[in-house]
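Visitor: Sending over a structure as structure tokens; questions will come in a sec.
The values are calculated or read from the model by the stated rules, or taken from the named source; none is laboratory data. Not measured: the values here are computed from a predicted model. Please note: Cβ atoms are built from the backbone with ideal geometry, for glycine as well, and neighbour counts cover all protein chains shown. Each accessible area value is taken on the protein alone, full model and side chains, heavy atoms only, with ligands, DNA and RNA left out. Shrake-Rupley method; radii C 1.70, N 1.55, O 1.52, S 1.80 Å.
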Amino acid sequence: KNLRHLKKWAKREDISCYRVYDADIPEYSMAIDVYQSRELLVHVQEYEAPKDIPEKISKKRLNDALSFIQDIFNVDKAQIYVKTRKQQKGISQYERHEDNSEVHIIEEGGLKFFVNLKNYLDTGIFLDHRKTRQLIYNLADQKNVLNLFCYTGSISVYAAASGAKSVTSVDMSKTYLNWAKRNFVLNGFEGAQYEFFQNDCVEWVKECDKTFDLIFLDPPSFSNSKRMDSHFSVQEDHEELILSVMNILTKDGTLIFSNNFRKFKMSKTICTHFSVENISSNTLPEDFKRNPKIHNCWRIIHK
């Protein structure tokens, strides 16, 4: 049922990767995404079953679902990638599952990106931020752009494609920063105006002596990386982080702040000091409207 509706929408909007199913039936608790590369690929994330459900039952449900997926999408088993998504903290959601890598190229908005459906829990591009990437594209022309917690740099690529004066990408992970660099090269963006820094974003912002016209800030809900001096919690620490970021945002600049902590509440101090607008509903794509808490997104400017 979802696929019938979303297939037409995706064709109309020229979208090749999208979410088809997200635990719509409670007994089949998984998210199913399709990625069109050289062939159709299906990415299945099984949500960890509650402890009161026997393993035998959850395994049968998964096997039944995989059988249906093969029929519905007309794909072989080799085109289906299955992972279990557990409650995680820190950067463990980004950690590698195996040593072998299997990379595919997908297209979005006329741009190309490397994705890895096999070795990492997250694939290299957050599908729920498709409209957010378009928003950055619309704002970035002739701007000095900063992408904090840049992950694999898809936002940065969109900024470069828009005609940004400069694009600076910061992330603590060497793996993902290299991935971001490869995404830039894949799209033909090379030059001194594109900078990449492997740093703790919280500390990097405090020490930064440049200013930026457009900043995208998308921190994890929690992080307790060994490379950080202390743990990070977006609810506890966003006020201090946003205050630091606003110090390096130009007077007429724009901060787009996002996170995926479902119970997130914006600091009253931030709302008092700056003009703050919740734009979550504007950044929620059609394929995620059944799950409106997938992320929240805010536009913050100086008063």
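Visitor: Just checking, which of 174, 165 is open to solvent by 10 Å² or more (accessible area, probe 1.4 Å) and over 18 Å from the mean Cα position of the chain (by Cα)?
Guide: 165
Visitor: Residues that are exposed (fewer than 13 other Cβ atoms within 10 Å of the Cβ): list the strands (runs of 3 or more DSSP E) wholly contained in the range 208-303 that include at least 1 such residues. Full working, then the answer.
Guide: Details: elements: 212-217, 249-259, 274-278, 296-302.
Counting at least 1 such residues, we get 249-259, 274-278.
Yes or no, residue by residue, for (1) among the small types (Gly, Ala, Ser); (2) farther than 22 Å from residue 223 by Cβ; (3) touching a residue at least 24 places away in the same chain (Cβ under 8 Å):
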position: 249; (1), (2), (3): no, yes, yes
position: 253; (1), (2), (3): yes, yes, yes
position: 258; (1), (2), (3): yes, no, yes
position: 290; (1), (2), (3): no, yes, yes
position: 297; (1), (2), (3): no, no, yes
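Visitor: Tally the residues that are among the small types (Gly, Ala, Ser) and assigned to a loop (DSSP other than H, G, I, E, B), restricting the search to the range 117-160. If you could, list the steps in order and put the result at the bottom.
Guide: Just the residues of the range 117-160 that are among the small types (Gly, Ala, Ser), to begin with: 124, 140, 153-154, 156, 159-160.
Filter again for assigned to a loop (DSSP other than H, G, I, E, B), leaving 124, 153.
Total satisfying the criteria: 2.
Visitor: For residue 205, indicate whether it is under 18 Å from residue 259 (Cβ atoms), in a helix (DSSP H, G or I) and either at pLDDT below 95 or open to solvent by less than 10 Å² (accessible area, probe 1.4 Å) (or both).
Guide: So residue 205 passes the test.
Visitor: Given the criteria at pLDDT 95 or above, touching a helix residue (DSSP H, G or I) at 6+ places or on another chain (Cβ under 6 Å), within 22 Å of residue 244 (Cα to Cα) and open to solvent by 30 Å² or more (accessible area, probe 1.4 Å), does residue 149 qualify?
Guide: Considered against the rule, which asks whether it is at pLDDT 95 or above, touching a helix residue (DSSP H, G or I) at 6+ places or on another chain (Cβ under 6 Å), within 22 Å of residue 244 (Cα to Cα) and open to solvent by 30 Å² or more (accessible area, probe 1.4 Å), residue 149 comes out as yes.
Visitor: Residues of the range 257-283 being aliphatic (A, V, I, L, M) and touching a helix residue (DSSP H, G or I) at 6+ places or on another chain (Cβ under 7 Å), which ones? Show your work before the answer.
Guide: Taking the range 257-283 and keeping what is aliphatic (A, V, I, L, M), we get 266, 270, 276, 279.
Result: 270, 276.
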